[in-house]
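Structure first, commentary second.
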Amino acid sequence: MSNRPEQGQRAASDDESERLTHERWTRALEAGEPMGLSCGDCGYVTGTPKAACVRCGSRDVSTVSLPTSGTVYTKSTIEIAPGNQGRGYQIALIDLGDARMLGRIADGDHVEIDDTVELTGTYEYDGDIVGVFEAR
Amino acid sequence: MTDFGVYTKPIAELFADAALPAMEDAGIENGDVDAFYFGNVLGGAILNETHLAPQVASHIGLPPGTSVQRYEDACATGSLALKHAVRAVETGEHDVVLVGGAERCTPAGTGIETSEMTRIFGSGAHRQYEQAPGMTTASVFALHTQRHMHEYGTTEEQLAEVAVKNHYHGSMNSRAQFGEEKTVEEVLESPVIASPFRLLDCCPFSDGASAVVVVGESAAESYGVEPVDVAGISHQANASPVADQPNPPSTEMVRRAARDTFDQAGFGPGDVDVTEVHDCFTGAEILALEALGLVEDGRAGPATVQGRTRLTGDIPVNPSGGLKSKGHPIGATGTAQIVELTEQLRGESGERQVEDSTRALAHNVGGMTATAVVTALEART
Ligand SMILES: [Zn+2]
């Protein structure tokens, strides 16, 4: 089947109301239902909003639900940070299904590479919301 | 280039201290300069100064009619300006281009406290998806290095050896900000900044300036000085945020830039005599050695411990002391690497001279491993 748009029409994925915006991504995260984007051409899945595929440039990207549990790809404990970030916190690149996302590890928790982690809440810094993860 | 350290003088005065000697060294007069490409990263955030190129050009006396422009590409700024200078000369747009950078970003020189300076330095990270969870400049290289340690068994002791080696080289460089030698124990006992990096795994906050002159191939010798050839230069980008980078510790954009640069130069990593890499953190030098093809993947830690990257080793890296010891005034770093390598190829490096150097390589990385410039230089024989 062909779902290519006729000339002059816009593909569903190119419709701004369908696009994964920062606002939509944030609301989904706050609801505990993280969202990403899957590319219909190359299959790459990203964990944060884009206007097109970051790997191949295709506009044929559609929003997908991401799992709430994943695996730690790498991590670091940060002692020197901007004042409002505190210190001694951990950040981690987390593989959520096929997508990878930078998350903050819950205060007092500590994770290692390959640990299974779960999205348990959100953290706000300077008006932006990110996912907080805990070891399972 | 200036000594790197702490300065409180205006940016234009700081740059003049690098630019006027560079033009004298090249044998060119102010009126010969067709274009001036100036690198500066944090002037807007720290000094409330943007659009610095006309101000700096005026201060050093470049005549009206000189095409002047500022470049900003995080820590790769100076090399990006150099790339544009090389391309402008190659295409015949300009015959003589002055290129360099200056930065004032030390807490001591600006009165800005370390945590606030850490926030400003982090502005190269994606605001929504990297700054918000708490990523800092140190922590992006820390994330890559932790994964490298996991995959290849790289150790904190091996990282410390990078710092020890670069401080040893820096002890022979009068321009170095921290030119005293360090021991592995001192590095491992210093406080954690972003694990696995400790204070002595990290380059300092630095002020300073550097400059070089780029001229066309045929004109080079007419100035009566000893030029070196830019054999190749390539700029490649990587995804931002880091989460979207393929195999993050591979610094894949460096691999693309190195391939392209070696293709242009007609030689390969095995032919390089001396290299300056972007060792903003010890782990960054480990990743660089592998991405440039100087050692195979996973072997940079052991190669460092074996002394292969020392002045006397078979792949001397960062004879200047690198960012680690010499310092890292962001916008000045790229062309400072070129100054060091030019002097090495001319045999002017004194105690830290790598003997019989004819081919050199520079590696400059910007932002959250999102930009790289790799440059190959060659002596004229
Ligand atoms: Zn794609």
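Computed from the coordinates by the stated procedures, all read-outs in this text should not be read as laboratory data. Keep in mind the model is a prediction, meaning the values are calculated, not measured. Methodologically, a virtual Cβ is constructed for each residue, glycine included, from the backbone with ideal geometry; neighbour enumeration extends over all protein chains shown.
Magnitude of the Cβ-charge dipole of segment A:12-65, K/R +1 and D/E -1, about the Cα centre, nearest 20 debye? Display every interim value, and only then the final one.
On the way: 6 positive and 9 negative charges, 40 e Å.
Using only the charged Cβ atoms, the result is roughly 200 debye.
Please get the size of the charge dipole for segment A:35-136, origin at its Cα centre, with Cβ charges of +1 on Lys and Arg and -1 on Asp and Glu, quoted in debye to the nearest 20.
Values: 8 positive and 15 negative charges, 67 e Å.
Computed about the Cα centre, the dipole is about 320 debye.
Which stretch or stretches of segment B:351-381 have amide N atoms under 17 Å from the point lying 7 Å from residue B:127's Cα along the Cα→Cβ direction? B:368, by backbone N distance to the label point. Kirkwood radius for segment A:69-135, taken over all pairs of different Cα atoms as the inverse mean of 1/r, rounds to 11.9 Å. All Cα-Cα distances of segment A:12-65, cut into 10 Å bins from zero to the largest, leave 29, 56, 15, 0 percent in each bin in turn.
Please tell me which of these pairs span more than 18 angstrom C-alpha to C-alpha: B:9/B:324; B:165/B:324; B:182/B:326?
Beyond 18 Å between Cα atoms: B:9/B:324.
Computed over the Cα atoms of segment B:11-379, the ratio of the radius of gyration to the Kirkwood radius (Rg/Rh) comes to 0.94. Sites listed here are GluC sites (Glu not before Pro) in segment B:149-223 whose DSSP assignment is loop and whose Cβ has at most 10 other Cβ atoms within 10 Å: B:180.
Near residue B:8, once Lys and Arg are set to +1 and Asp and Glu to -1 for all other residues with Cβ below 15 Å from its Cβ, the sum equals -4.
Out of all Cα-Cα pairs in chain A, roughly what percent, to the nearest whole number, are more than 27 Å apart? Could the numbers behind the result be given before it?
Details: 2485 of 9180 pairs.
In whole percent, the share of Cα-Cα pairs in chain A beyond 27 Å is 27.
Cross-link partners for residue A:50 among the lysines, with Cα-Cα distance under 25 Å and sequence neighbours closer than 8 places in the same chain left out: A:75. Annotation: extensible slack from residue B:115 through residue B:13 equals 34.0 nm (criterion: 0.36 nm per residue apart, minus Cα-Cα distance).
Available extension along the chain between residue B:47 and residue B:108 is 20.6 nm, counting 0.36 nm per residue and deducting the alpha carbon span. Sparse packing (at most 13 other Cβ atoms within 10 Å of the Cβ) combined with a DSSP loop state is found for the following GluC sites (Glu not before Pro) in segment B:21-54: B:29. A run of chain A free of exposed loop cleavage sites, with GluC sites (Glu not before Pro) counted only in DSSP states other than H, G, I, E and B and at most 15 other beta carbons within 10 Å, reaches its longest extent at A:19-111.
Tell me the GluC sites (Glu not before Pro) within segment B:306-369 that lie in a loop according to DSSP and have at most 13 other beta-carbon atoms within 10 Å.
Values: sites: B:340, B:343, B:348, B:351, B:355; in loops: B:348, B:355.
Sparse-neighbourhood loop GluC sites (Glu not before Pro): B:348, B:355.
For the protein assembly as shown, the C-alpha radius of gyration divided by 2.2 N^0.38 Å, with N the number of residues, is 0.98.
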